[in-house]
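The values are calculated or read from the model by the stated rules, or taken from the named source; none is laboratory data. Keep in mind it's a predicted model, so treat the numbers as computed, not measured. All Cβ positions, glycine included, derive from the backbone under ideal geometry; neighbour counts span all protein chains shown.
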Amino acid sequence: MKQIRVESLLASPQDRVTFQSEWSKGSSGLLLLVALFAGNVGPGLYMISFLMNFPIGMLIGFLIVALGYGLPHLLFLGRKERFWRGLMKPGTSWISRGFIFANLFMGLAVLTLLLHLLMMTDFISEGMTGLYGSIGIASSVFAFLLAMYPGFLFSSVKAIPFWHSYFLVPLFMVQAFGSGIAMLLVIAHVPGVSIHNSEKLLLPEAVLLVASAMLILGHLFSTLNSGKAGKVSVARLVRGTYKKAFLWGALSCEIAIPLLVVALTFVGLNKSMLIPAEMIQLCGIFFFKYCFLNAGAYNEVCSEQVFESIYKKGSRKRPFN
């Protein structure tokens with residue numbers, strides 16, 4: 001006990017780990033969490049629906065982006081009078097690029113849906129199918145870029161090792177496609193809604209779930225090698241404050257449970273649990289975003305005392321040395 005007191009007296013103010021709170025706490029943190037989740041699910045649902053020629057899914061994907069991604073970002077703005085200045089630097093600012101991706105996606109998505117409606121009502125000839133396909137592909141490209149954008153944005157934050165990772169871009173993309181398939185399957189089972197060959201999505205979903213698990217593990221292990229702040233971030237998820245939210249909410253709900261149910265459904269053993277599993281998967285992705293935002297620690301010198309304090313009392317063994 002005496003040695004601990006001496007060490008605490010010698011510790012400098014910088015000898016601490018500081019977890020970021022601007023993007024994870026309060027109303028601003030909630031807005032960003034909703035936007036981060038919607039910016040994953042919406043583009044993913046739109047792209048998968050376009051591939052499956054499912055306009056209802058495309059419309060819902062567009063609405064998720066417009067209301068769940070665009071609106072929270074507008075409410076999240078700090079100094080609104082300076083907002084436009086930041087948007088004029090797409091060459092250096094990922095926030096500016098994300099704004100461009102989102103607006104081009106929404107504009108092209110509206111045109112795509114409008115053309116589809118006009119063709120369905122015979123207001124224009126079916127000869128416009130080529131134009132519909134071209135604009136639909138363009139909107140899907142910007143949906144793809146919008147889904148990738150958060151990965152590039154967070155990985156550019158060098159001050160937070162847990163975010164500064166090249167695993168984020170492919171991980172966010174895999175989660176976008178996975179959540180898109182999950183949402184599509186849920187919508188397809190709503191009474192009065194039908195989609196052809198939806199069972200063909202089970203194999204790609206299983207592949208995406210496995211890929212997501214591998215990318216999350218790769219991200220965690222790479223963060224462990226990024227210094228003490230990175231170790232503390234990982235420890236906060238697997239042993240600390242957010243242990244239950246990460247292990248049970250994120251990993252189990254996003255990957256383990258859906259993968260098991262999809263595997264059983266794929267071989268025809270358990271089809272009744274598919275839709276609940278897809279909904280659980282969406283909840284798991286939400287939990288992952290929540291844990292991801294709250295685990296970000298600034299890259300500062302971390303004392304042994306602070307490092308040990310995030311573990312439960314009585315624990316003698318540290319997982320990371």
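Inspect segment 213-223 for any residue being aromatic (Phe, Trp, Tyr) and closer than 29 Å to His73 by Cα and give the result as yes or no. Spell out how you get there, then give the answer.
Quick first cut of segment 213-223, residues aromatic (Phe, Trp, Tyr) only: 221.
Still in the list and also closer than 29 Å to His73 by Cα: none.
The answer is no, given that none of the residues of segment 213-223 is aromatic (Phe, Trp, Tyr) and closer than 29 Å to His73 by Cα.
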**Request:** Report whether or not Phe162 is under 30 Å from Gly230 (Cβ atoms), among the hydrophobic types (A, V, I, L, M, F, W, C), part of a helix (DSSP H, G or I) and modelled with pLDDT of 90 or more.
**Result:** no
**Unique match (being buried (at least 19 other Cβ atoms within 10 Å of the Cβ), at pLDDT below 95, of a type in the set (A, V, I, L, M) and out of contact with any His (no Cβ under 6 Å at 6 or more places or on another chain)) among Leu33, Leu77** = Leu33
**Subset of segment 166-204 (residues that are surrounded by 22 or more Cβ atoms within 10 Å (Cβ to Cβ) and of a type outside the set (A, V, I, L, M, F, W, C))** = Gln175, Gly178, Ser179, Gly180
**Asked** Of all residues in segment 112-124, how many are assigned to a helix (DSSP H, G or I) and surrounded by fewer than 16 Cβ atoms within 10 Å (Cβ to Cβ)?
**Response** 4
**Where Ala147 falls short, out of the listed (1) modelled with pLDDT of 95 or more; (2) surrounded by fewer than 22 Cβ atoms within 10 Å (Cβ to Cβ); (3) within 20 Å of the chain's Cα centre (by Cα)** = (2)
